[in-house]
Every structure is written in C-alpha cells, then in structure tokens.
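What follows is one structure encoded as structure tokens, with my remarks underneath.
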Amino acid sequence: MRLAVLLFVQTLLFGQVVPKNINATVKKIVDEVSEQNIIATLKKLESFETRNTFSATDDPIHGIGAARKWIYDQFRSYSPKLEVYYDSYKVKKQPRVFRDVEVVNVVAVLPGTTNKDRQVIVSAHYDSLNRVSKPGTPDPGEQPEVDEEKAVAARAPGVTDNASGVAAVMELARIMSQHQFEKTIVFVTFAGEEQALIGSSPFAVKAEREKRQIEGVLNNDIIGSEVSGNGRSDNNTVRIFSPDSRDSTSRELARYLKIAGERYVPSMKLAIIFREDRFGRGGDHMPFIAQGFPAVRITTASGNPANQHTATDTFANNSPAYITRVTKRNGAAVASPAMIWC
Ligand SMILES: [Zn+2]
C-alpha cells in the first residue's frame, strides 16, 4: 500500500515512473527496433531468389553475391563507427560441398570503449537452401541427401531460414551503432551454414587462434514463424538452446538472456532448452562452443518444417511482428551495461 502511494506521488511529480532496474539507453534501443525495417529486410533478402552458397556471385540482382553486397552496403550506411568487412575462406570440395567454393561472411564491428578487447557476437546465417533431394530412401530418422548441384538452381527464398535472423542482426547493428558500449559488439552474417557450418567454423577457429575474448555468441536462426505445422501458435515464447553442463558458460549466457530480455520485453518469454540444438540439427553457435566460447541458439517455439528449405519459405509465411519482439529481446540483453553473465 505504501509503495502504491509512493508510486502515485512519483507519478504526480515526475510523470511516467521508470522502474529502478530499467536503463534508459537500453529502453531507447528496445523502443527503436522497427517492424517496418524488419519487413523491408525480409522482402529484400527474399528478392535475391536464392542465397545458396554455390549460387551466382557476379549477378547484381540474384544469388548470394548480390545478397552479401547488399548486407555489406547496409552495414556501411548505418554509422561510420562500424568497421565493416568481408571475412572469406576458400573451402575445398568435401562431403556436402560438391565443388570448391569461396565462403564469405559479412562482419560489422562496433568497437567498445573501456573494454574493447571483450567481445559479444550477434549472428545469423544469410545463406539459404532449397533441399532438392537425391533419389532414394533415407535411413529412418534421417533426412534425404541434398542434390547440391540441383539445389543451386532451385528457388530458395529462405525467409524464416534465415532472413529472419539476418533482419534481427541488421536492425540491431543499425540502432546500436548510434550508441557506444564498453565492450566490442560484433555483428556477423555467416554463409555456408547449410553446408555443415563452413562459414562459422573457420571464423570460430580463427577467433580461438587469435585468443579473442568472446564472452557470448547470440546466434539467431529461424526466428521468423510463430505457427507450427499443426497450426499451434506460441507467439509469446522464444527458445534458447545451450549445451550441458548445468554450469556451462553457455547455460549461464542463456539464463542471463532470459533475465535481461524479460525485463524489457515482459510479454515475450524465453524457454531455456537444455540441449545444444534441436534433435539431429545444428547451427552456427556450435563451432564457437567447440572452441570453448559461450554460445547459444535463439529460435522460434513454433517452427513449421514444411516451409523450411523449400520454395515456400516466403515472406507470406512469416511473422514480422514476432521477429520484431525477438529482436527487441536480443537488443535489451546485448545493450544492458551489466552483461552480468561474464
Ligand atoms: Zn538456418
């Protein structure tokens, strides 16, 4: 009762009451996340028709080359503070890589102030895949093998998987680059995720070799849909995957993300899943975990596998409002000055 009176008096004196544990800058960042921008990014990434890792690199309108140049130019346009570069690797032919290929990640670094050497990575993969299968019946529980050569020519709009994650990363890069943070924040869009993580793996290996202090990787993959195949919708939950043990740094990061995110976006609950990733699946957080860095996968609670890795993974089958709220959650966690997990 006494608290209610106090709040009432505060409201009279100061107008809106800002709770003590809400940081004004973080709140501003969260409020600035724009659904309209996210919609524009999803539609633009869909317009490349495919972002298959082996698709055209010299076509100005279609294919992965045009897509990465567009992402690069967008990062450059946000702020002169962002250090933007292509991070490329020559990958040899191997299982799931049907020919030699240059894999190009697009990176935007926002240098920190007092703790420049400590880094937080916000990532998503921008490549897409239409899983054209080879003939034959797979073993029970296995997916059919991809005919990579045929997949290159197939339409792969990849809006849920994973323009949704890229839209989140780009929107946070745009907003956060208008501010300064103690730690360095690295925004990365990876290629080659669909070919067994051939973009993020060499990135993580190099980071370990250079003894980089990566204190958390927030990998956004499939955050676009809120209606699952059976029609069930859980649009107030996002899942976060982190590996055992209970005390692993990745699990600590997951707990931190839950607390910080729910503080600023209370309507969006975060479900901590005690696994590295979904059964039989993987993502770009895994190479970082393998190198000893704390890393998590952020993904929808209601995915629809029928639309993944097909020509129907379109803008129409996504929910920009859901992506916007997940982006706000991530922004709150990364911008919070405490970053109490490390
Ligand atoms: Zn994906």
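Bear in mind these aren't lab numbers, they're just calculated from the coordinates by the rules spelled out. Just so you know, these numbers come straight off a predicted model, no measurement behind them. Cβ: placed from backbone, ideal geometry, glycine included. Neighbour counts: every protein chain shown.
Taking the Cα centre of the stretch 221-260 as reference, the dipole from Cβ charges on Lys and Arg (+1) and Asp and Glu (-1) amounts to some 120 debye.
Put in line by how crowded their Cβ is, counting other Cβ atoms within 10 Å and starting with the fewest, LYS183, LYS206 read LYS206, LYS183.
Averaging the Cα positions of each part gives two centres, and for the stretch 96-150 and the stretch 177-197 these lie 14 Å apart. Show which lysines lie in cross-link reach of LYS206 when reach means a straight Cα distance below 18 angstrom and same-chain residues fewer than eight apart are skipped. By straight Cα distance, LYS206 reaches LYS90, LYS92.
The stretch 199-248 and the stretch 294-318 have Cα centres separated by 13 Å.
Just need the relative contact order of the stretch 22-335 here, percent rounded to a whole number, with Cα pairs under 8 Å and 6+ apart. Before the final figure, lay out the partial values.
Details: 724 pairs, mean separation 74.2, N = 314.
For the stretch 22-335, the relative contact order is 24 percent.
Please give the charge dipole size of the stretch 241-293, origin at the Cα centre, charges +1 on K and R Cβ atoms and -1 on D and E Cβ atoms. Round to the nearest 20 debye. It would help to have the intermediate numbers written out before the result.
Values: 9 positive and 7 negative charges, 47 e Å.
Here the stretch 241-293 has a charge dipole of around 220 debye.
When the helices of the chain are scored as -39500 (n - 2.57) per DSSP H run of n ≥ 4 and the total is divided over every residue, the value at 222 nm lands at -10500 deg cm²/dmol. Karplus-derived 3J(HN,Hα) values for the stretch 103-110, using 6.51 cos²θ - 1.76 cosθ + 1.60 with θ = phi - 60°, are 9, 10, 8, 10, 10, 10, 9, 9 Hz; glycine and proline are entered as x.
Going by neighbour counts of Cβ atoms within 10 Å, the residues SER200, SER245 line up, fewest first, as SER245, SER200.
Taking every C-alpha pair closer than 8 Å and separated by at least 6 residues, the mean separation divided by the residue count of the stretch 36-112 gives a relative contact order of 21 percent.
Other residues within the sphere of radius under 10 Å centred on the Cβ of LYS90, judged by their own Cβ, net out at -1 (K and R +1, D and E -1).
For ASP87, ASP31, ASP127, what's the fewest-to-most ordering of other Cβ within 10 Å of each Cβ?
Values: ASP87 16, ASP31 12, ASP127 30.
With the sparsest Cβ surroundings first, the list reads ASP31, ASP87, ASP127.
Between GLY283, GLY136, GLY231, the Gaussian network model of the chain with springs among Cα atoms under 10 angstrom shows the greatest mean-square fluctuation at GLY136. Computed over the chain with a Gaussian network model linking Cα atoms closer than 10 Å, the most mobile of ALA191, ALA124, ALA301 is ALA301. Positive end of the dipole of the chain (Cβ unit charges, origin at the Cα centre): among LEU218, PRO60, VAL107, the Cα lying farthest that way belongs to LEU218. Counting only Cα atoms, the size of the stretch 22-335 along its three principal axes is 55, 40, 39 Å, in decreasing order. The ellipsoid equivalent to the alpha-carbon distribution of the stretch 85-225 has semi-axes of 32, 17, 12 angstrom, derived from the gyration tensor eigenvalues as √(5λ) and listed largest first.
The magnitude of the dipole of the stretch 22-335, with charges of +1 and -1 set on the Cβ of Lys/Arg and Asp/Glu and taken from the Cα centre, is near 720 debye.
With the charge dipole of the stretch 22-335 set up from +1 on Lys and Arg Cβ and -1 on Asp and Glu Cβ about the Cα centre, the Cα lying farthest toward the positive end among the listed residues ALA24, GLY141, ASN37 is that of ALA24. Could you pull out the pairs from LYS81/LYS258; LYS116/LYS211; LYS43/LYS81; LYS69/LYS116; LYS211/LYS328 whose alpha carbons sit more than 19 Å apart here? Among LYS81/LYS258; LYS116/LYS211; LYS43/LYS81; LYS69/LYS116; LYS211/LYS328, the Cα-Cα distance tops 19 Å for LYS81/LYS258; LYS43/LYS81; LYS69/LYS116; LYS211/LYS328.
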